[in-house]
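The values are calculated or read from the model by the stated rules, or taken from the named source; none is laboratory data. Small disclaimer: the values here were computed from a predicted structure and weren't measured. Cβ coordinates were reconstructed from backbone atoms using ideal geometry, including for glycine residues, and neighbour counts include every protein chain displayed.
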Amino acid sequence: MKSKKPKNEPKRGKKRTRKDSQNSKPGSPTRATASKETAAGERQLTRADRLVAKARGLNIGQVSALQRRRNLTAEALKKVPDDVLKRAVRRLDYPDMARAREAFRLLQQKNEDGDIPSNALQNALKQLDSTRARPSGVQPQVVAGIPTGAQVTPSALMGPVVMPTAGLNPAHTGWTSLGPGNIGGRTRAIAPHPTLQNTMWIGSVGGGVWRTDNAGVAWTPVDDLMANLAVTCLVINPANPNIIYAGTGEGFSNVDALRGAGIFATTNGTNWSQLPATAGVNFRSINRLAISKDGKVLLAATPNGIFRSADPDRLTWTQVSTAPISDVDFHPTSNTNAIAGGLNNGQAFYSTDGGQTWKTATHSTPWSGRVELTYAAKNPLTVYASVQMNNGGEIWRSTDGGKSYSRRNTELKNGAHATYLGDQGWYANTIWAGDPGNSDLVIVGGLDLYRSTDGGNKLVDISTWWDKRSAHADQHAIVAHPGYNGTTNKTVFFGNDGGIYKANDVTTVGNDAHLPRVSGWLELDNTYGVTQFFGGAGNATSGTIIGGAQDNGTLRFRPLDGSEKWSEMFGGDGGCCAADPADQKIFYGEYVYLNIHRSTDGGASSDYISGQFWNGSQWTWKPVPYRITDAMNQKALFIAPFVLDPNNSSRILGGGISLWRTNNAKAPNTNNTGPVWTAIKGSVGARISAIAVAAGNSDVIWVGYDDGQVFKTVNGTQANPLWQKIDHTGSNPLTPARYCTRITIDPKKINVVYACFGGYNRGNVWKTTDGGTKWSNIGNSLPEAPVRSLAVHPRKTNLVYLGTEVGVFASEDGGATWSPTNEGPTNSSVDDLFWLKEILVCATHGRGMFTINLSSV
């Protein structure tokens, strides 16, 4: 079931406004820049465009930008809901979200030199595995109430319909999954079993491999011990369907990102192991895998070129092309012919010797950007290309097996260019021609999905990104049902940023006479819990929880609704969260760059309180002091920290380059007034990354920065607090000079403070017992991985819990020693830990949220 669309920030709006062209640089332009860059498009607007601009209160520049980036035609602009339109216009100021998000994530992983060691995540997981390998008699069964042991049983992770447990050995119960099982997440890989037609695997970028044996009624994760959960592609060996290969690491939005760990294989569809030869830097990002019909040759498309393996165990690999590659495909019936599309170079390639050598295909005019290819199933001499060019994409066709291409018209019925890629073909770009009886039936996807019945000359849109009844936006994969024959079976599956969708008849889906295109679409995100949370908070009385999610907004869980009915409080990327402990109706979340919003209806909807408001045609900022200037100028981290004072629920502290405070967070919000924001700490040349306020004393405030600086004040409620620099001072100093991810103050001992850091280093957890004069490194026994969160038990403060890049760890002695393993809830990154009384809630970046009751510890 889909979540209810909130009043002001819709689910669909946040998805469809998140990408920009490949050539954009990281960062976001000002509104003036957006107007300037769209001025040239004004000459191309039609009378209908101008009329709808006037009707919707938009200027010409906005209409031009919305058409180019979001594919909002005049007809769409007439019908798109107000809340979606506001979200789309807001995102014009943030055109390069994917790269900004990636840069933020990488910043937390770098060491003092600004580097990320090769195979860093893999090495951390090997260190973790070495502790799991210890004799079971040596390991405790429970540490600080957290189950621990030598073995995690993947089949216990999720139930068939509900989500009762997570990361548990059956003998060690405790963790419970909250989902969300109805939200989905970025899905780039779909692999149906060739003969078991109800069995299918899908790959989540962050949540690993998932499997269904009932045609998508429910999904289960198949191996949480897989050393990397950033799965981008899957391929089944046609000669032996028990063998499946998974590629990890995205190489689209940021080609130098260290995200993957090579290629993994399974022989039973459940347990995966890394192919050792793919552990090197050349295999950090696997964009696509292809396997020959006889199963002998496996090809990998990467930003570093094409790699080939022809031995059964995939022990040896040879680099056969050096061009950055987005897509590679084997001929559907030949073991010798293959094609490949360039990642960012506007090129296509072909091979006639099983991928050993490659030649460049020809086309009448130059191409640009990313190229995606597909063989036509009826006649593989016909090859189609989706090319990132001409402001929204072009379709080209080859009739000689991919050696040469000619341009198709790529037009709508009215003759206008079909901008099916929007302005993000570098990120979302896919093409399919898999009908065995019709080579002219082509489906292309970028922002939305389009269908052509004449080989790419005329197209019609078949999905509508802004309507929740349609397929989600940002298309990544199109795969036919294994029984597809074009007559009695026309089922096709679609992977996108919303998860997995199904069309029972690909020839009629989206056949509505007018917008929106909703007929025939079916969402299959049933127990598919792969949401990537940045933060969370909850009200202990009601049990309502909110979480800020990547690409999925700020989401709400209510106990009576369960794991399959999460709803949305606010659209766009979500971040940090807070819940008013005294008022069940008040929650706080944030959009990127410290744009804080507030809900007063229990999380059903939310409005900005950081200073911006909608004036009827655009977003405008209130005057000082009713705005956070760092948010307006984007001088904060992509996901910036803010906290609710534990002693005063009307006080919020938020971090940009300055520390901002409001003492009236619940003030009425109008276009002219609202909460009053004041900077109480000036810039120190870095951005604030962590904030902590002492329970019982609001004057004690700690602040950490993205370069490792740490400061403290003991008169934080004053108009101009005095700040003391803590790091690199004293006889036993706090020394890490890398991203400070979290500062946590003991709830009962104000001088006991923990500081956590990023980077694939040892020593990412530090502790002081005298208010910061002397520090001890208490993290050396942990795997060398970023530590993202730390929670102290509210009653027994010697019990400490860590959220790391490789799961949860626990200590019973204030961090002097740590649990030898992290059984549960998952191997994915744990970005936040927070309490509902004595229930610990774990927010993961790739597997949703989990709880464990620690009241009986």
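Restricting the range 304-324 to residues that are β-branched (Val, Ile, Thr) and buried (at least 16 other Cβ atoms within 10 Å of the Cβ), the residue that is farthest from Ala279 (Cα to Cα) is Val320.
Would you pick out the residues in the range 377-401 that are within 32 Å of the chain's Cα centre (by Cα), at negative phi and in a loop (DSSP other than H, G, I, E, B)? Those that are within 32 Å of the chain's Cα centre (by Cα), at negative phi and in a loop (DSSP other than H, G, I, E, B): Gln388, Met389.
Is there a residue being assigned to a strand (DSSP E or B), within 17 Å of Val765 (Cβ to Cβ), at pLDDT below 95 and not hydroxyl-bearing (Ser, Thr, Tyr) anywhere in the range 812-828? Checked the range 812-828: no residue is assigned to a strand (DSSP E or B), within 17 Å of Val765 (Cβ to Cβ), at pLDDT below 95 and not hydroxyl-bearing (Ser, Thr, Tyr).
For the range 745-752, does any single residue satisfy the condition of being within 26 Å of the chain's Cα centre (by Cα) and not in a loop (DSSP other than H, G, I, E, B)? For the range 745-752, residues within 26 Å of the chain's Cα centre (by Cα) and not in a loop (DSSP other than H, G, I, E, B): absent. Of all the numbered requirements in (1) within 24 Å of Asp580 (Cα to Cα); (2) touching a residue at least 60 places away in the same chain (Cβ under 8 Å), Gly803 misses one, and that requirement is (2). Within the range 179-227, the residues that satisfy the criterion of being within 12 Å of Gly846 (Cα to Cα), assigned to a strand (DSSP E or B), out of contact with any Pro (no Cβ under 8 Å at 6 or more places or on another chain) and not hydroxyl-bearing (Ser, Thr, Tyr) are Gly179, Gly203, Val205. Quick one: count up the residues across the range 276-285 that are closer than 17 Å to Ser326 by Cα and buried (at least 24 other Cβ atoms within 10 Å of the Cβ). Residues that pass the stated criteria total 3. For the range 730-740, the count of residues that are modelled with pLDDT under 95 and more than 26 Å from Ile639 (Cα to Cα) is nonzero. Phe613 meets each of the listed conditions (1) within 16 Å of Asp93 (Cβ to Cβ); (2) outside the structural domain of Gly716 (by TED's automatic domain parsing); (3) in a loop (DSSP other than H, G, I, E, B) apart from (3). Residue count for the range 259-293, restricted to those that are charged (D, E, K, R) and farther than 21 Å from Leu373 by Cα: 2. Looking at Val217, Val209, Val138, Val162 in this structure, which one is out of contact with any His (no Cβ under 9 Å at 6 or more places or on another chain), modelled with pLDDT of 85 or more, aliphatic (A, V, I, L, M) and surrounded by fewer than 23 Cβ atoms within 10 Å (Cβ to Cβ)? Of Val217, Val209, Val138, Val162, the one residue that is out of contact with any His (no Cβ under 9 Å at 6 or more places or on another chain), modelled with pLDDT of 85 or more, aliphatic (A, V, I, L, M) and surrounded by fewer than 23 Cβ atoms within 10 Å (Cβ to Cβ) is Val217. The residues of the range 470-492 that are part of a loop (DSSP other than H, G, I, E, B), modelled with pLDDT of 95 or more and touching a Lys or Arg at 6+ places or on another chain (Cβ under 9 Å), listed by number, are Ser470, Ala471, His481, Tyr484, Gly486, Thr491. Against the condition touching a residue at least 12 places away in the same chain (Cβ under 8 Å), out of contact with any strand residue (DSSP E or B) (no Cβ under 8 Å at 6 or more places or on another chain) and farther than 19 Å from Gln424 by Cβ, how does Lys86 come out, does it pass? For Lys86, the condition - touching a residue at least 12 places away in the same chain (Cβ under 8 Å), out of contact with any strand residue (DSSP E or B) (no Cβ under 8 Å at 6 or more places or on another chain) and farther than 19 Å from Gln424 by Cβ - is not met.
Out of Asp440, Asp467, Asp448, which single residue is crowded, with 24+ Cβ neighbours inside 10 Å and of a type in the set (D, E, K, R)? Give the steps one after another, and end with the answer.
Details: Asp440 fails: crowded, with 24+ Cβ neighbours inside 10 Å; Asp467 fails: crowded, with 24+ Cβ neighbours inside 10 Å.
Only one candidate passes the filter, namely Asp448.
Taking Arg742 as the residue in question, decide whether it is crowded, with 19+ Cβ neighbours inside 10 Å, assigned by TED's automatic domain parsing to the domain that holds Pro794 and part of a loop (DSSP other than H, G, I, E, B). Taking the combined requirement at face value, the residue does not satisfy it. For the range 639-659, a residue qualifies if it is surrounded by fewer than 24 Cβ atoms within 10 Å (Cβ to Cβ), assigned to a loop (DSSP other than H, G, I, E, B) and not acidic (Asp, Glu), and the qualifying residues are Pro646, Asn647, Asn648, Ser649, Ser650, Arg651, Ile657, Ser658.
Scanning the range 549-565 for residues that are part of a loop (DSSP other than H, G, I, E, B) and within 17 Å of the chain's Cα centre (by Cα), which turns out nearest to Pro95 (Cα to Cα)? It would help to see each step written out before you state the result.
Of the range 549-565, the ones part of a loop (DSSP other than H, G, I, E, B) are 550-552, 558-565.
In the following step, the residues that additionally are within 17 Å of the chain's Cα centre (by Cα) were identified as 550-552.
Numbers: Gln550: 16, Asp551: 14, Asn552: 17 Å.
Filtering first and then ranking leaves Asp551.
Taking the criterion of being among the charged types (D, E, K, R) and touching a Gly at 6+ places or on another chain (Cβ under 9 Å), the residues of the range 90-114 that qualify are Arg90, Arg91, Asp96, Arg99, Lys110, Glu112.
Leu854 satisfies every condition listed in (1) touching a helix residue (DSSP H, G or I) at 6+ places or on another chain (Cβ under 9 Å); (2) closer than 26 Å to Thr527 by Cα except (1).
Conditions tested, residue by residue: (1) modelled with pLDDT under 90; (2) part of a helix (DSSP H, G or I).
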residue: Lys54; (1), (2): no, yes
residue: Gln62; (1), (2): no, yes
residue: Leu66; (1), (2): no, yes
residue: Arg69; (1), (2): yes, yes
residue: Leu72; (1), (2): yes, no
residue: Ala76; (1), (2): no, yes
residue: Val84; (1), (2): yes, yes
residue: Arg87; (1), (2): yes, yes
residue: Arg90; (1), (2): yes, yes
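Tell me yes or no: at least one residue of the range 286-302 is hydroxyl-bearing (Ser, Thr, Tyr), without any contact (Cβ under 8 Å) to a residue 12 or more places away in the chain and surrounded by fewer than 24 Cβ atoms within 10 Å (Cβ to Cβ). Break it down into steps so the answer makes sense when it comes.
Going through the range 286-302, the residues hydroxyl-bearing (Ser, Thr, Tyr) turn out to be 292, 302.
Within this subset, residues satisfying the condition of being without any contact (Cβ under 8 Å) to a residue 12 or more places away in the chain are none.
No, because not a single residue in the range 286-302 is hydroxyl-bearing (Ser, Thr, Tyr), without any contact (Cβ under 8 Å) to a residue 12 or more places away in the chain and surrounded by fewer than 24 Cβ atoms within 10 Å (Cβ to Cβ).
Restricting the range 506-548 to residues that are surrounded by 24 or more Cβ atoms within 10 Å (Cβ to Cβ), within 26 Å of Ala218 (Cα to Cα) and aliphatic (A, V, I, L, M), the residue that is nearest to the chain's Cα centre (by Cα) is Val530.
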